[in-house]
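Note sheet for the following structure.
Read the figures in this text as sums done on the coordinates, not as results from a lab. All figures in this text were calculated on a predicted structure; none of them were measured in a lab.
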Amino acid sequence: MSPSSEQPASTPSSALNPAQQTVVDLLGSSGSERPQFDAGLRHELRASLEDALEPVVATFAERDQLFVSKHKLAQVHSCEVRYLADEQAQFEWTVPTARGTVAHKAIELGVNWSGQPVPANLVDETIARLSQSNDGLGDWLRTCGDIDRAELRGRAVERVTTFFECFPPLKSTWRPVLEGKIRVELFAGKIVLSGKTDLALGVADGTTAGKVLIDFKTGGFAMSHIDDLRFYALLETLRIGTPPRLVASYYLENAEAHPEAVTEGHLRAALARTIDGITRMVELRTSTDDASRRSGPSCRWCPVADTCNVGQSYLAGDDPESFDP
């Protein structure tokens, strides 16, 4: 996790429970395990990205702009009909959508807390602080009812408690950064690639990879989680030039980390997926007649599920892998 001589594996095992020690064993490294990358990789990847997307940007109107996130890429590569529905729908704050933001901010407070952090206190402090903001979440927190607030608090406390139970204490020498933003602008800002990593540990040492990017997940494994992290690895490479050493999804409910060592092949796969996704996003701006329908677990939350035969078949259990091009 850290480029310094003090490695996570040197943490006394007696200070960690088995779940925490497993994280250290999976994500820690010695200097010899850190790969080096060509200093020109950053420029090569960016040139490939811009060359492939130049015809796409040529179709933009003067003030057109496209924001691309891991979420939008995952959607357009799964069910295009749902992607379009979510693009048109107005976002609303609810207990499920607010829980992640509150929990992540509370974890950030806890990591930097003086003394032993108490999850309930961290969540209460976070809700109080967010309620003072002038954004949409602040408005919702100030006006939501007591039941919603109590449910939000309970779910957030559960998530924060799970983090501190299962994840090892973060040393300052690991250079932890929570909710770190990554932004890459292409074509003078016509296309903006953005992301926000739940946790980053370590730093690159020149062209030697040293950083670990971690996404915290609730629920079970999904293949899209791998693609999400490879997209973040691509953005990190475009931003500073040296890829992260490792990316990992950490599943809080079962205390399991799924790490993947970052390779040039993974970055090129993420590049191709990003190009294909952006191209399709732009195509769907002008023609939605051929938007594909693909079923999956997200059908449970799809705003058009009630009128979608493919989604209804999936939810009924009749056709769990249906695809309608």
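Hey, how much of the P(r) for segment 95-166 falls beyond 17 Å, as a percent of Cα pairs?
Values: 908 of 2556 pairs.
The proportion of pairs with Cα distances above 17 Å equals 36 percent.
Which one of Pro96, Pro243, Pro117 has the biggest mean-square fluctuation once the chain is modelled by GNM with Cα springs under 10 Å?
Of Pro96, Pro243, Pro117, the most mobile in the Gaussian network model is Pro96.
Scan the chain and note any complete DSSP helix (H) whose C-alpha atoms cover at least 24 Å along its axis and whose Kyte-Doolittle average is 1.6 or more. It would help to have the intermediate numbers written out before the result.
Values: long enough: 146-166 (30 Å, -0.42); 223-240 (27 Å, 0.29); 264-286 (34 Å, -0.12).
Taking the DSSP H segments of the chain (at least 24 Å long, mean hydropathy at least 1.6), we get none.
Distance between the C-alpha centers of segment 65-90 and segment 91-161? Whole Å please.
26
Going by the alpha-carbon gyration tensor, a ≥ b ≥ c the square roots of its eigenvalues, is segment 57-214 rounded (a/c under 1.5) or, if a/c is not under 1.5, prolate (a/b greater than b/c) versus oblate?
In terms of gyration-tensor shape, oblate.
Mind listing the long-range amide H neighbours of Lys196? Cut-off is under 5 Å, sequence gap 5 or more, other chains count too, H placed in the peptide plane at 1.01 Å from N.
The list, which skips near neighbours in sequence, is Ile182.
When the chain is modelled as a GNM with alpha-carbon springs shorter than 10 Å, which of Pro168, Pro244, Pro55 fluctuates the most?
Between Pro168, Pro244, Pro55, it is Pro55 that shows the largest mean-square fluctuation.
Cα atoms only: what Rg and Dmax, in Å, come out for segment 145-278?
16.4, 52
Between [x] 5, 26, 33, 22, 11, 2, 0; [y] 5, 22, 30, 28, 13, 2, 0; [z] 6, 30, 39, 22, 3, 0, which entry matches P(r) over Cα pairs in 10 Å bins from 0, in percent as derived from the coordinates of this structure?
Looking at P(r) over Cα pairs in 10 Å bins from 0, in percent for this model, the match is [y].
Using Cα-Cα distances under 8 Å and only pairs 6 or more residues apart, what relative contact order does the chain have, in percent?
Computed value for the chain: 23 percent relative contact order.
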